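Q: Take this structure first; my questions come after.
The values are calculated or read from the model by the stated rules, or taken from the named source; none is laboratory data. If you're wondering where the values come from, they're calculated on a predicted model, not measured in any experiment. Keep in mind that these areas ignore ligands, DNA and RNA; they rest on the heavy atoms of the full protein, side chains included. Shrake-Rupley method; radii C 1.70, N 1.55, O 1.52, S 1.80 Å.
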Amino acid sequence: MGSYKTLFGFTRKFKAGETEPPADVRAAFNNYSEKGNYMTAELLRRFLVEVQGEVDVTIADAERIIQQVIQRRHSITKFARHTLTLDDFFHFIFSDDLNAPIKNEVHQDMSAPLSHYFIYTGHNSYLTGNQLSSDCSDVPIIKALKRGVRVIELDIWPNSSKDDVNVLHGRTLTTPVSLIQCLRSIKEHAFSASPYPVIITLEDHLTPDLQAKVAEMVIQTFGEMLFYPESESVVGFPSPEALKHRIILSTKRPESKSFQERGSNSQIKDLPDENLVGKKGSDPMAEPESADDKSDSDPQDDEDMDDSYSRQFGAPQYKHLITIPAGKPKGGLKLALKVELDKVRRLSLSEQALEKAAESLGTEVVRFTQANILRVYPKGTRVTSSNYKPLIGWMHGAQMVAFNMQGYGKSLWLMHGMFRSNGGCGYVKKPDFLMRVGPHIDIFNPKATLPVKKTLKVRVYLGDGWRLDFSQTHFDAYSPPDFYTRVGIAGVPADSKMEKTKKIEDNWNPTWEEEFTFPLTAPELALLRIEVYDNDVHEKDDFGGQTCLPISELKPGIRSVPLFDRKGEKFKSVKLLMRFEWV
């Protein structure tokens, strides 16, 4: 029983109540138990196979689940009882670690070239807050790596005495952090969340002597973790599998007259192209660039690690350490998107430039991304570190949709959702339709209207956990919250829609029992959006949790869905019970 003081000093009492198993859970228990009394390991295995679609589950797996549930609920040894009651079964169903909504392991083919994957990409990864005046630090870099981000961006500038290298957002009031500190933190935390390669994109504003210093720092810091090309004329990218536990660099190669011998100590004679804040590129479709804008257009990388790449040490020059070369688009966007058979490269476009390209050059963008890497970055006016909608980049095959990881909001929730795919390893295989090539094969047209491939049916049963994670008066000073759930799809335009349940008044553990149907033309790119709010008549509705789940990873059946706060941190207790079904 909970009590709330009213405006006039009266006390209102509300029954707290326990969360009861919904009808579908009771029915499942009755169908897969001995006369509705208890569920054995064999019956639990049958439920997992027939209802939950866990086709590979064994009796031993079912026995382990029973042991865990019994120990958690009854604090008794695993030998005391080997069956589940209805309440035990409901505990299992509503445990997100035992009954998760998506797969939790790397299961995609990781042996294709890097260009075949969406890659978890950060923008200005060193900023603690806004783009103009926040501190630069290695702390957000560490946080990003621990979340599984695989592309870290560093803007590198000479320090005030011109004898060392700092990381900062140039021509702003951001306070610098030393490059060596960032590199050391990357080395320490690079593979804490994923074994797959970390790509460092450098926004280079250095003189040749400082570039040589960076090369020395990088080699000394990373040692054999560093991976770089044997020669300048490699025609394909290596795979995430081949680059496990390796660090690679991506930036514009300084121009020089010859590709000098590896190990040479001579300095590079040519200055790099600097992308200064506000400087306009030569491409009329490109946006004004901020210090974050990476150039792009050059040759790149692999094939066979043993033949094309080297772990040689000594003192290779800065330019020779660049595995993914970048370059500015020159001569207009159509020319920048030209596919060259003998070399691959990285091209960067602002979010606005991509939108303009999508209007008239959509299939050309898709074709470019089949072998080359496209990086999309936030427009320079996003000084608060907000983000843009990532779907337009993914629809066009862009591998590096670069986000401000400190810029909380719905766009970042989508990014978190996409990279829950494939075990959260930071690399998600692009759908086959984005990779179709051949003389008689049509390149995917993102504007085309496609037929429905699959229809997803989503049932929202109930929610719980707010009483444990929020104060009694967090949502309303005078009564329990009035929760409702928004559920829908973020995907290609034809698939995108949002629905919402009715509100359940004055209840900390609401039961909705509502079902929604979503026809999907491109389920491979779709994310299931789930948000809970407390209905507030007089002010903006209060946030009660959110998550985004990749449709392609959803497990069928009745599932426990944990919710996250605005920043993407998982609540300790808040979760929904839902059902997913393909029809």
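Q: Ordering 97, 541, 155 from largest to smallest accessible area (1.4 angstrom probe), what's the sequence?
A: 97, 541, 155
Q: At a threshold of 8 angstrom on Cα-Cα distance, excluding pairs fewer than six apart, so keeping six or more, what relative contact order does the stretch 417-573 reach in percent?
A: Relative CO of the stretch 417-573 lands at 24 percent.
Q: Over all Cα pairs of the stretch 512-563, how is the pair count split among 5 Å bins, expressed in % and running from 0 up to the last occupied bin?
A: In order of increasing distance, the bins hold 5, 14, 20, 24, 16, 11, 6, 3 percent.
Q: Greater than 19 Å separation of Cα atoms is the criterion. Which listed pairs, 146/244; 252/430; 244/319, meet it?
A: Long pairs (Cα-Cα over 19 Å): 252/430; 244/319.
Q: May I ask you to evaluate 6.51 cos²θ - 1.76 cosθ + 1.60, the Karplus curve with θ = phi - 60°, for each residue of the stretch 484-497 and list the ³J(HN,Hα) values in order in whole Hz, giving x for glycine and proline?
A: Ordered by residue, 3J(HN,Hα) equals 9, 10, 9, 9, x, 10, 10, x, 4, x, 5, 9, 6, 6 Hz.
Q: Per residue Cα convex hull volume for the stretch 456-583, in cubic angstrom?
A: So the per-residue Cα hull volume is 106 Å³.
Q: Let me ask something else about it. Rounded, prolate or oblate: pick one for the stretch 455-521, where a ≥ b ≥ c are the square roots of the eigenvalues of its C-alpha gyration tensor, a/c under 1.5 means rounded, and failing that, prolate if a/b is larger than b/c, else oblate.
A: It comes out prolate by the Cα gyration axes.
Q: Run through every distinct alpha carbon pair of the stretch 319-380 and return the Kirkwood hydrodynamic radius in angstroms, one decimal place.
A: This gives a value of 12.2 Å.
Q: Taking only the alpha carbons of the stretch 47-177, what extent do you get along each of the three principal axes, in Å, biggest first?
A: Rounded to whole Å, the extents work out to 72, 38, 22 Å.
Q: For the stretch 163-216, what relative contact order do you get, as a whole percent, if you take Cα pairs closer than 8 Å and at least 6 residues apart?
A: Values: 20 pairs, mean separation 19.4, N = 54.
Relative contact order for the stretch 163-216 comes out at 36 percent.
Q: Any idea what the relative contact order of the stretch 334-433 is, in percent, if you count C-alpha pairs under 8 Å spaced at least 6 apart? Write out the running numbers ahead of the final one.
A: On the way: 116 pairs, mean separation 23.6, N = 100.
Reported as a whole number, the value is 24 percent.
Q: Could I ask something else about it? Using the Cα gyration tensor of the stretch 83-154, with a ≥ b ≥ c the square roots of its eigenvalues, what is the shape: rounded (a/c below 1.5), prolate (a/b larger than b/c) or oblate (neither)?
A: In terms of gyration-tensor shape, oblate.
Q: While we're here: Rank these by accessible area, largest first, 1.4 Å probe: 394, 508.
A: The most accessible residue leads, giving 508, 394.
Q: Follow-up question, since we're still on this one. Got a number for the accessible area of residue 563? Probe 1.4 Å, square angstrom, nearest 10.
A: Surface open to solvent at residue 563 totals about 0 Å².
Q: When the Debye formula is applied to the Cα atoms of the stretch 147-259, each taken as the same point scatterer, what base-10 log of I(q)/I(0) results at q = 0.09 Å⁻¹?
A: Here log10 of I(q) over I(0) equals -0.25.
Q: So for the stretch 304-458, Kirkwood radius off the Cα pairs, Stokes-Einstein at 25 °C and 0.890 mPa s: how many µm² s⁻¹?
A: For the chosen part, D equals 138 µm²/s.
Q: At each listed q (0.11, 0.14, 0.23 Å⁻¹), what is the log10 of I(q)/I(0) that the Debye formula gives for the stretch 135-210 modelled as equal alpha-carbon point scatterers?
A: For the requested q values the scattering log ratios are -0.28, -0.44, -1.03.
Q: Next question. Could you list the square roots of 5 times each eigenvalue of the Cα gyration tensor of the stretch 409-500, that is, the equivalent ellipsoid semi-axes, sorted largest first and rounded to whole Å?
A: Output for the stretch 409-500: semi-axes of 39, 17, 11 Å.
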